[in-house]
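Visitor: Here it is: the structure, laid out below.
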Amino acid sequence: AYAASFIEWFAEEAPRVAGEVKSNIAPDRRLLTVRQPVGVAAAITPWNFPVAMITRKVAPALAAGCPVVVKPSEFTPLTALALARLADGLLPPGVLNVLPASRRNAQPVGEVLCDSDVVRALSFTGSTAVGKWLYQRCSSTVKKLGLELGGNAPFIVLQGADVDLAVRAAMASKFRYGGQTCVCADRFLVHESVVDEFVGKLAAEAASLKLGHGLDAGTGMGPLIDEAATFRCQERVKGAVAQGASIVCGGAKLKGPGHFFEPTVLKNVDVTSELWQLETFGPVAGVVPFTDDAEAIKLANDGPAGLAAYVCGELGHAWAVAEKLDFGIVGVNEGAVSHAAMPFGGTKESGLGREGGRHGIDEYLEDKYICLGGLDM
């Protein structure tokens, strides 16, 4: 449904692409703009939303009039091909192209897309490191570039917050997809007056999640993407504990088949630890207490990531804090923030441009200014 929402939204946005006319500048001319498709677009997409990350890029490109080449993640090529099969016969030949590649061939394919002077726009969702490489590589052809890169989202619980509401929002943000989304809460900043209550209730909810196959009844959380993901979680937890953190629940990968890691909550995390400083991309929540808003805002804004942040508290109080956070997306008393009708993107090293909303189609359009002279006025 989330993937389909982008197709519906941008189908409706297509006829709303509008230029402008200035008629009071000079008596013998009219100044106007038209918006035209930039040309062939390339989309490089990740595995964690194997349909929606494609439609979020392809739908606005098609609405603008741009043919698209999609290079899906090597982990989820079949989903991309199934999506293309659904579109078969609905679009002219060559308008939507899916180009799967193995991990070994991912970089060579990326190089071709970056170096091609036929490809005029490139959109990428993935790691910051790969995004920086694409940024540099695309400079030779000066493409339009959209980058949605890594996050390390802070989740702030203010003094006087409704703790039960904050826990519900935290669960929706942190443990959705096993913590494997770029907008998942990673760093929990909780006011000292409510930190014990919040940690206790969050740990109880996290520990109650049943791990298992996603199609089995009662499953609350599925596996991580691969063995490297569980190893990263394990190492981040070990490192945090070595620097003084305490495990409240979880903390270990499960034995047996599948890449499962327990939903984990740690308290008193050192802000210099890798768990705090780096995006973990797994079901591990590290909590740090704070005493005043200025301290929380400073800790939240510290670092290169600026994709998503969350604030829970009395509405006026939370709003004031939200406006001081240097992030492209802020959820206030809400842990699930993504919507096709609104712009998605980050500040600082979390990316360039926006996807979704009326802004998402801009990435695939050029503004052409036409000066119409010789008018007999």
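The values are calculated or read from the model by the stated rules, or taken from the named source; none is laboratory data. The structure presented is a predicted model; accordingly, all values stated were derived computationally and were not measured. Ideal geometry is used to build each Cβ from the backbone, glycine not excepted, and the neighbour counts take in all protein chains shown. When the accessible area is computed, the model is the full protein with side chains, heavy atoms only, and any ligands, DNA or RNA have been set aside. Shrake-Rupley method; radii C 1.70, N 1.55, O 1.52, S 1.80 Å.
Visitor: Return the lysines within reach of LYS132: Cα separation strictly under 21 angstrom, same-chain partners fewer than 8 residues apart disregarded; answer none if there are no such residues.
Guide: Of all the lysines, those that pass the test against LYS132 - Cα under 21 Å, at least 8 places apart if same chain - are LYS57, LYS71, LYS143, LYS144, LYS348.
Visitor: Compute, for VAL330, the solvent-accessible surface of its heavy atoms (probe 1.4 Å) with the complete set of protein chains present, and express it in square angstrom to the nearest 10.
Guide: Solvent-accessible area, nearest 10 Å²: 50 Å².
Visitor: Restrict the search to region 180-275; then list the trypsin sites (Lys or Arg not before Pro) that DSSP places in a loop and that have at most 16 other Cβ atoms within 10 Å of their Cβ.
Guide: Those satisfying the criteria are LYS210, LYS255.
Visitor: Next question. Would you mind computing the Rg to Rh ratio of the chain from its alpha-carbon coordinates, Kirkwood style for Rh?
Guide: Answer for the chain: 1.03.
Visitor: How far apart, in nm, are the 7 Å Cα→Cβ label points at GLU197 and LEU81?
Guide: For the pair GLU197/LEU81, the computed spacing is 5.4 nm.
Visitor: To make sure I understand the rule: partners must be lysines, Cα under 16 Å from the Cα of LYS174, and not fewer than 8 residues away in the same chain. Which ones qualify?
Guide: Excluding near neighbours in sequence, the set is LYS201, LYS210, LYS267.
Visitor: Per residue, how much space in cubic angstrom lies within the convex hull of the C-alpha atoms of region 94-175?
Guide: Convex hull volume per residue, Cα atoms: 157 Å³.
Visitor: Heavy atoms only, probe 1.4 Å: what % of the accessible area of the chain goes to carbon and sulfur, would you let me know?
Guide: Roughly 57 percent of what the probe reaches on the chain is carbon or sulfur.
Visitor: Aspartates and glutamates near LYS238 by alpha-carbon distance under 17 Å, same-chain residues fewer than 8 away left out - which ones?
Guide: ASP186, GLU227, GLU262, ASP270, GLU274, GLU279
Visitor: Further question on the same structure: Which residues among region 345-373 fall inside the zone where the amide N is under 20 Å from a point 7 Å beyond the Cα of ALA26, along Cα→Cβ?
Guide: From region 345-373, the list is 368-373.
Visitor: Taking 8 Å as the Cα distance limit and 6 or more residues as the minimum spacing, I'd like the relative contact order of the chain as a percentage.
Guide: That works out to 21 percent.
Visitor: Output the relative contact order of region 253-377, whole-number percent, from Cα pairs under 8 angstrom with separation of 6+ residues. Please report the intermediate quantities before stating the final value.
Guide: Values: 154 pairs, mean separation 19.4, N = 125.
After rounding, I find 16 percent.
Visitor: Same structure again: Need one number: % antiparallel among DSSP beta bridges in the chain, to the nearest 5.
Guide: Values: 18 of 57 bridges.
Expressed as a percentage, antiparallel bridges in the chain total about 30.
Visitor: Something else: For region 139-237, with only Lys/Arg (+1) and Asp/Glu (-1) charged at the beta-carbon, what is the dipole magnitude about the Cα centre, in debye rounded to 20?
Guide: Roughly 440 debye, rounded to the nearest 20.
Visitor: Averaged per residue, what accessible area in Å² does the chain show with a 1.4 Å probe, protein chains only?
Guide: Averaged over the residues of the chain, the accessible area is 46 Å².
Visitor: Once you order the gyration tensor axes a ≥ b ≥ c over the Cα atoms, which shape class does region 130-236 get: rounded for a/c under 1.5, otherwise prolate or oblate by comparing a/b with b/c?
Guide: The shape class here is oblate.
Visitor: Something else about it: Go through VAL119, ALA185, TRP276 and say which Cα lies farthest out towards the positive end of the charge dipole of the chain; charges sit on Cβ, +1 for Lys and Arg, -1 for Asp and Glu.
Guide: Looking along the dipole axis, the top candidate is VAL119.
Visitor: Same structure, new question: In region 278-373, which GluC sites (Glu not before Pro) are in a loop and have at most 15 other Cβ atoms within 10 Å, using DSSP for the loop call?
Guide: Loop-located and lightly packed - GLU314, GLU323, GLU334.
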